[in-house]
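Report on one structure; see the data block that follows.
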Amino acid sequence: MKPAFWARRAHKWIGLVIGVQALLWMLSGVYMTVVPLDVIHGDHLAHVHGEPLPPQAARIDTDALVARHPQLQSFRLKHVLDREVYEVRRGDETFLVDADSGERLPPLDRDGAAALARSLYQGDGEVERVEWITRAPSEVKTRPVPMWAVHFTDRGKSTLYLSPDSAELLARRHSLWRWFDFLWMFHIMDYENRTDVNNTLLRVAAVTGLGFALSGIWLLFYSFGKRRQA
């Protein structure tokens, strides 16, 4: 049989195999280019206060802070619910300290998490429920547990994830992000962790796609060659 026959057969069957995945690549790629990345990240959902705090004489002296909490590794001053606190790191431990008295503060409770989420939230919904998380769901699987998940009633089903120890905003999640994550899974063909962009399945699909393109090029040259002979 002529080489063109095998090229035509290969092109047909490879196209059948790779066509669905190629469509998924294009659909997911369109979504990723149409929806701005800052929207995906949820920057519009919550505002984190990042402005520097002015000096105040009432704050505890840093030497006194170190003396009161020995073996601390680092600390930083920040606002939590209109209150100045120090975020202190000591080994694997993170906790908050009142900036005036130096007294260690308890972790955020349910009411504190709801109040903090409301102060950060920029949407038009209300708090629907507050959930205590000890096993991170897939959408925040890289974030440390335990954490608070504060769910809102807006159209995007927004959720703010908060650390009870540091009162940090760990993640913003909403419908557009969840769609992005779902399509990203198909885009990189990592159906388990959705993070590995160099997995075996993706390599196989890429090589198969290359074979499809090369067989198509061969058929293109073959077709033009036959026209010239005619």
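Tell me which residues, restricted to region 99-128, are within 22 Å of His44 (Cβ to Cβ) and basic (Lys, Arg).
Correct list: Arg118 only.
Output the residue which, of all residues in region 181-199 that are among the acidic types (Asp, Glu) and in contact (Cβ under 8 Å) with a residue 12 or more places away in the chain, is farthest from Val30 (Cα to Cα).
So, considering only residues that are among the acidic types (Asp, Glu) and in contact (Cβ under 8 Å) with a residue 12 or more places away in the chain, the one farthest from Val30 (Cα to Cα) is Asp190.
Contact list please: Cβ distance under 8 Å, first residue in region 82-95 and of a type in the set (S, T, N, Q), second residue open to solvent by 30 Å² or more (accessible area, probe 1.4 Å), pairs at least six apart or on different chains.
Thr94/Asp165
Name the one entry in Ile18, Ile14, Ile60 that is at pLDDT 75 or above, assigned to a helix (DSSP H, G or I), hydrophobic (A, V, I, L, M, F, W, C) and in contact with a Gly (Cβ under 7 Å, 6 or more places away or on another chain).
After ruling out the rest, the residue left standing is Ile18.
Kindly indicate whether Gly29 is modelled with pLDDT of 90 or more, open to solvent by less than 40 Å² (accessible area, probe 1.4 Å) and over 29 Å from Pro144 (Cβ atoms).
yes
Keeping to region 63-96, report how many residues are outside any loop (DSSP other than H, G, I, E, B), within 31 Å of the chain's Cα centre (by Cα) and farther than 20 Å from Ala117 by Cα.
So the answer is 7.
Please return the ranges of strands (runs of 3 or more DSSP E) entirely within region 106-208 where 3 or more residues are open to solvent by less than 60 Å² (accessible area, probe 1.4 Å) and under 22 Å from Arg76 (Cα atoms).
Those strands (runs of 3 or more DSSP E) span 169-173.
Based on this model, can you work out whether Ala149 counts as under 30 Å from Glu192 (Cβ atoms), in contact with a strand residue (DSSP E or B) (Cβ under 6 Å, 6 or more places away or on another chain) and free of Cβ contacts under 8 Å to residues at least 24 places away in the same chain?
So Ala149 fits the description; yes.
Do the conditions hold for Thr33, that is, is it closer than 30 Å to Ile188 by Cα and within 25 Å of the chain's Cα centre (by Cα)?
yes
The values are calculated or read from the model by the stated rules, or taken from the named source; none is laboratory data. The shown structure was predicted, so the numbers you read here are calculated from the model rather than taken from an experiment. We place every Cβ from the backbone using ideal geometry, glycine too, and count neighbours over all the protein chains shown. The area values use the complete protein model at the heavy-atom level, side chains included, leaving out ligands, DNA and RNA. Shrake-Rupley method; radii C 1.70, N 1.55, O 1.52, S 1.80 Å.
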